[in-house]
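The values are calculated or read from the model by the stated rules, or taken from the named source; none is laboratory data. Source: prediction; values computed, not measured.
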Amino acid sequence: MSKGEGQIPRICPYCKNSLEESWRVCPYCGNYCGMKVSEQSVRTRACHVCGTTDDLAACPYCHRWYCKVHDLHECMPESESPIYNVGPSNLWYLVPFFFGIIGGLIAYVGTKDEDRDMATNLLVFGLFWSLILAFITWILLAG
């Protein structure tokens with residue numbers, strides 16, 4: 001059921017931002033919404049990593065506190081996490097380096113779904129590297 005079909009959207013009572021159904025903590029202001037929490041857990045609101053109590057936000061997945069410096073969210077699903085969405089490895093550049101234009105084509109096919117710009121760069125690198133090697137070979141054989 002979508003929000004437009006009679007479902008009442010959840011709104012944080014503290015900062016008035018809209019919340020997803022699965023969030024127990026408002027990621028904008030860090031307050032617990034819709035669940036009773038012990039007074040102890042509110043008193044010990046501190047960064048999960050460094051322990052600071054300044055500029056905190058709560059992770060909507062694990063409900064732990066993070067400061068702005070340690071906004072890690074290692075609990076996020078891989079599809080949403082900036083930590084896991086880093087793209088293909090730069091080691092792909094070794095394929096066109098060793099195999100020239102054929103390696104560039106292989107690297108292009110291997111990376112085009114994750115990072116189209118890198119895939120194009122690998123293909124161009126393979127082409128130019130093949131031309132450079134052909135030129136060096138021509139000079140060595142002509143002299």
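Screening the stretch 81-105 for residues that are farther than 19 Å from I132 by Cα and aliphatic (A, V, I, L, M) and picking the one that is modelled with the lowest pLDDT gives I83.
Answer yes or no: is there a residue in the stretch 53-60 that is among the β-branched types (V, I, T), in a loop (DSSP other than H, G, I, E, B) and modelled with pLDDT of 70 or more. Within the stretch 53-60, one or more residues are among the β-branched types (V, I, T), in a loop (DSSP other than H, G, I, E, B) and modelled with pLDDT of 70 or more.
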